[in-house]
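Inspection log for the structure reproduced underneath, given as C-alpha cells.
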Amino acid sequence: MSSFTGSNYFFTRQIVWILVAVILFFFSANIDWRFLRRTGIVVYLYLGSLLILMTLFVFGSVFQGAQSWFSLGFLAVQPVDLVKLVLVITLAKYFSRRHIEIAYARHIVISGLYSTLFFIAVVLQPDFGSAIIIFLVWFIMVLVSGIAPKHLVLVLGLGATTFAILWFFVFAPYQKDRILTFLDPTRDIQGSGYNAFQSMVAVGSGEITGKGVGYGTQSRLEFLPEYETDFIFAAFAEEWGFIGSILLTIFYGVVIWRVLSIATLGSSNFELFFGVGVAVIIFSHFLVNVGMNIGLLPVTGVTLPFMSYGGSHLIAEFLALGIVVGQSKYARVTHAEESEQEFITLT
C-alpha cells in the first residue's frame, strides 16, 4: 500500500488497524467459544445485528451512494462485516442441529429466511457487493449441509426470481449500469465502465513479473480509481505481475485450507459449520474482488481480505480466525476422524 500511494496516509492508518486486528486475534484465540452454541446467545446476536442494520437507515452516513457506515468523527465503521460473521454463527447453530434433516425443504426455507432479512437490509442501503457475499454464505453452507438435488434446483429458481425482482424494483440505475458494463466493459469507458477498464489495464500491464514495487504507473498516476480499496488487487498485480498474483492466490488458499482443517477437528458440528462459513467469507470476498478486478465480474465494491484499506473488515476477519483457533483448543482428538468423514460425506 505504501508503494502505490502518493502519501503515507493509507499506509500508516492501515498499520494501526492491523495491529488492533492482530491483538484481537490473539485475545479471541484464547476464549472458550462454546457459549456460541447457546440458542439465547445466537438469538441476541442475530436480532442485535438486524437492529444495527435498520439503524443505518436513520443514523448511517452515505459514502459512494451507499448508506452503510456509522460516522464517529475520527473514524467510520461499516457494521455489515461483523453481520456476515453473525450470519455464519446463526447458520452454524441451525445446521448443526438439523443437518441430518436438511433434505426437508422447510429447513432450507427457514435458513434462507434468516439470510434474506440480512440480504434485504443490505441491498436497500444499497450495498450490492455485501448482499452477494451474504447470499453466497447461505448458499454454500446449505450445499455443505447436504441439500437434496431437487431442492437445489428450487433454490436456483428462487435465486433467479429474486434477481429479477431486484432488477426491476430495487436496483438503482448505477447498479444496473455496472451489470450491463460487465457484459460489455467497453460500452461506457468514460462512465460506468471506466473503473473496470482501468483495472484490466493495470492487471494486464503487470505482465509476467510485474513493473516492480513502487513502479505501478496506473495506481501512482491515479488512472486506477480506488487503488487502496476495491482495486488493490489490480494495483498489486501491476507491480508484482502474474507470478506475484499466483503466489498471493496460494497464500489465500493456505489460509482457507487451514480454516477447514481446523474445522474438521471441531468438538461438534457447530465448529465444523462455523469453520466452513468463515472459509466461505474469505473465499467469496477473494473471488468477487479478483473477478471484478480482471473484468470477469461486475464492480460491486467488495474488499480484498487482509489487503484492502479499512479497519471494519480487518477486525471481522481476524476475529473470525481467532474464533476458529479458539475453538480448536477444546476439540476432541477422538472426534477428528469422525468429523472429517462427516465433512466428506456432506460435501
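The values are calculated or read from the model by the stated rules, or taken from the named source; none is laboratory data. None of these values were measured; they are calculated from a predicted model. Positions of Cβ are backbone-derived with ideal geometry, glycine not excepted, and every protein chain shown enters the neighbour counts.
Comparison of Leu297, Leu248, Leu260, Leu304 shows that the only residue that is in contact with a helix residue (DSSP H, G or I) (Cβ under 8 Å, 6 or more places away or on another chain) and either modelled with pLDDT under 90 or basic (Lys, Arg) (or both) is Leu297. Taken over region 220-240, residues that are of a type in the set (Asp, Glu), surrounded by 23 or more Cβ atoms within 10 Å (Cβ to Cβ) and within 13 Å of Ala196 (Cα to Cα) amount to 1.
If you take the residues in region 130-160 that are of a type in the set (Gly, Ala, Ser) and in contact with a helix residue (DSSP H, G or I) (Cβ under 7 Å, 6 or more places away or on another chain), which one is farthest from Pro79 (Cα to Cα)? The selected residue is Gly146.
Residues that are free of Cβ contacts under 8 Å to residues at least 60 places away in the same chain and crowded, with 18+ Cβ neighbours inside 10 Å within region 53-75 comprise just one, Trp69. For Leu45, are the conditions met, namely being over 23 Å from Val302 (Cα atoms), part of a helix (DSSP H, G or I) and at pLDDT 90 or above? Taking the combined requirement at face value, the residue satisfies it.
Does region 263-288 hold any residues that are assigned to a loop (DSSP other than H, G, I, E, B) and among the hydrophobic types (A, V, I, L, M, F, W, C), and which are they? Give the derivation first.
First pass over region 263-288, keeping only residues assigned to a loop (DSSP other than H, G, I, E, B): 264-268.
Result: Leu265, single match.
Residues that are of a type outside the set (Val, Ile, Thr) and under 20 Å from Ser312 (Cβ atoms) were ranked within region 30-52; the one that is surrounded by the most Cβ atoms within 10 Å (Cβ to Cβ) is Ser49. Test of understanding: among Phe274, Phe242, which residue is in contact (Cβ under 8 Å) with a residue 12 or more places away in the chain and closer than 26 Å to Lys93 by Cα? Checking each option against the conditions leaves just Phe274. Of the set (1) part of a helix (DSSP H, G or I); (2) modelled with pLDDT under 80, all apply to Pro126 but (1).
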